[in-house]
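S.K.: For reference, the structure I am asking about is given below.
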């Protein structure tokens, strides 16, 4: 995927009222690289992801794609460059699987009906669900729904993909298929930020692992450095609990 | 005289009913339906605007929507109909002449808009915020997300409440008789009342009541059916789980390390 971009977060701050959720986050993701963000619940991981596509606006700091700040861009245009996959899939339950994928293609990429359907089918095929195009999301298993959600995001040809605990809501036996799809995407050179509790995935697939706690990245580095030679006591404690 | 017999003849005089029936069905029924359905449609159109204004982040939209809803929900229907029908009559005179019918529809629509606006608002707010987030994350504007994702789902959820409102409108449409309708504009209640006044026998009014029940009771059951259907969903046509598809993506190398 040659159209991927690099991503950088610089000193990002964000508060909900008096609750300081992000207190100066820095994160660098090279073009085509995969960064996994790990850390305890409530550490600000999901909030951080949402500042990248500006579902949440940072109070301070900067978000850069290919070195250029995106904070002055039209958010709707920015979001077409940044795909996002959610914990709860968030497919639109009143539309068929196919319509879920074609909706933004027709509205935002301005494709004609035939072309939108062709692109959608291609991406559903890529996640192995071309046969489910006419089903309703409610008729699919969680794993299938999440793969449709990934296809829906990929169909927009994003330059960065964000995954917000994409496998946390799945039954254990369905996790593997979704992780495999994400690993494939990573291997193809998509720039990705993956918030995850799947330490195995982080160790195997990530180029960078960032450990967040209380609204800051306490430690970031190659998976080996994080998992085998953690410096920060808080990270060591966290790893001892999850591994 | 036998009081029971008097009572029976007051309400169940078949001759009076037979006499009123043709006009009841050819004039009263169509007018009741026109009043109720038109008001439901206009009230829904206004109600959507009210609902969207009511959840707006702009105080200058939220506030007027709140006042509108409080006023038209808080006033007795009879008061609203009289106030609109009489108060706006001079204005209506200039637009469509001496005809109270449109004002009756307007008054019913305003009442309906307040209730339906609240129904729509709760419907919209019942859709998980994550649906809006997902739509926005795809690059849809707020308006597109509302129109294509949130409102269509909200409408499904509020259908039972909306039909209930239609039932209320069918009943409230009887109040339009205050405004002094032309003979051809009379709805069910007015026709029943006219016959009752002329004959001194209440049977025609009872017949009007039966006509209302013939409209509202099936609708009540339709609501229950829709409600059940929405709660349990239609029977699934595809397998929900245990689909081997979910496991067939164990790609070579996927779990075995980063091969870039």
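S.K.: Kindly indicate whether any position in the range A:214-227 is buried (at least 21 other Cβ atoms within 10 Å of the Cβ), in a helix (DSSP H, G or I) and over 17 Å from the mean Cα position of the chain (by Cα).
M.R.: Yes, the range A:214-227 contains a residue that is buried (at least 21 other Cβ atoms within 10 Å of the Cβ), in a helix (DSSP H, G or I) and over 17 Å from the mean Cα position of the chain (by Cα).
S.K.: Listed residues A:203, A:152; which is touching a helix residue (DSSP H, G or I) at 6+ places or on another chain (Cβ under 9 Å), under 17 Å from residue A:86 (Cα atoms), in a helix (DSSP H, G or I) and at pLDDT 95 or above?
M.R.: A:152
S.K.: For the range B:127-240, give me every one of the helices (runs of 4 or more DSSP H) that falls completely inside it and has 2 or more residues that are within 10 Å of chain A (Cβ to nearest Cβ).
M.R.: Hits in the range B:127-240: B:129-137, B:142-145, B:151-172.
S.K.: Read through the list (1) surrounded by fewer than 19 Cβ atoms within 10 Å (Cβ to Cβ); (2) modelled with pLDDT of 95 or more; (3) at the interface with chain B (Cβ under 8 Å from one of its Cβ atoms), then give the number of the only condition that residue A:115 fails.
M.R.: All conditions pass for residue A:115, except number (3).
S.K.: Now for a different question. Going by the conditions given, is residue A:16 within 13 Å of chain B (Cβ to nearest Cβ) and at negative phi?
M.R.: No.
S.K.: Just to check your reading of the model, which residue among A:133, A:151 is surrounded by 22 or more Cβ atoms within 10 Å (Cβ to Cβ) and more than 10 Å from chain B (Cβ to nearest Cβ)?
M.R.: Of A:133, A:151, the one residue that is surrounded by 22 or more Cβ atoms within 10 Å (Cβ to Cβ) and more than 10 Å from chain B (Cβ to nearest Cβ) is A:151.
S.K.: Sticking with this one: With more than 22 Å from residue A:53 (Cβ to Cβ), within 12 Å of another protein chain (Cβ to nearest Cβ) and in contact (Cβ under 8 Å) with a residue 40 or more places away in the chain as the only criterion, which of A:138, A:143, A:189, A:200 stands out? It would help to see each step written out before you state the result.
M.R.: Working: A:143 fails: in contact (Cβ under 8 Å) with a residue 40 or more places away in the chain; A:189 fails: more than 22 Å from residue A:53 (Cβ to Cβ); A:200 fails: in contact (Cβ under 8 Å) with a residue 40 or more places away in the chain.
On inspection, the qualifying residue turns out to be A:138.
S.K.: Tally the residues that are crowded, with 18+ Cβ neighbours inside 10 Å and either more than 14 Å from chain B (Cβ to nearest Cβ) or within 24 Å of residue A:236 (Cβ to Cβ) (or both), restricting the search to the range A:30-60.
M.R.: 12
S.K.: Exactly one condition in (1) buried (at least 18 other Cβ atoms within 10 Å of the Cβ); (2) within 11 Å of chain B (Cβ to nearest Cβ) is not met by residue A:123; state its number.
M.R.: All conditions are met except number (2).
S.K.: Quick one: in the range A:162-174, of everything that is within 11 Å of chain B (Cβ to nearest Cβ) and at pLDDT 95 or above, which residue is farthest from residue A:102 (Cα to Cα)?
M.R.: A:164
S.K.: Sticking with this structure for a sec: Is one or more of the residues making up the range B:99-119 more than 19 Å from residue B:43 (Cα to Cα) and either outside any loop (DSSP other than H, G, I, E, B) or within 14 Å of chain A (Cβ to nearest Cβ) (or both)? Walk me through it before giving the result.
M.R.: Within the range B:99-119, the first condition is being more than 19 Å from residue B:43 (Cα to Cα), and the residues that meet it are B:99.
Checking the rest, the ones that are also either outside any loop (DSSP other than H, G, I, E, B) or within 14 Å of chain A (Cβ to nearest Cβ) (or both) come to none.
No, the conditions are met nowhere in the range B:99-119.
The values are calculated or read from the model by the stated rules, or taken from the named source; none is laboratory data. What you are looking at is a predicted structure, and each value in this text was computed from that prediction instead of being measured. Using ideal geometry, Cβ is built from the backbone for each residue, glycine included, and neighbour counts are taken over all protein chains shown.
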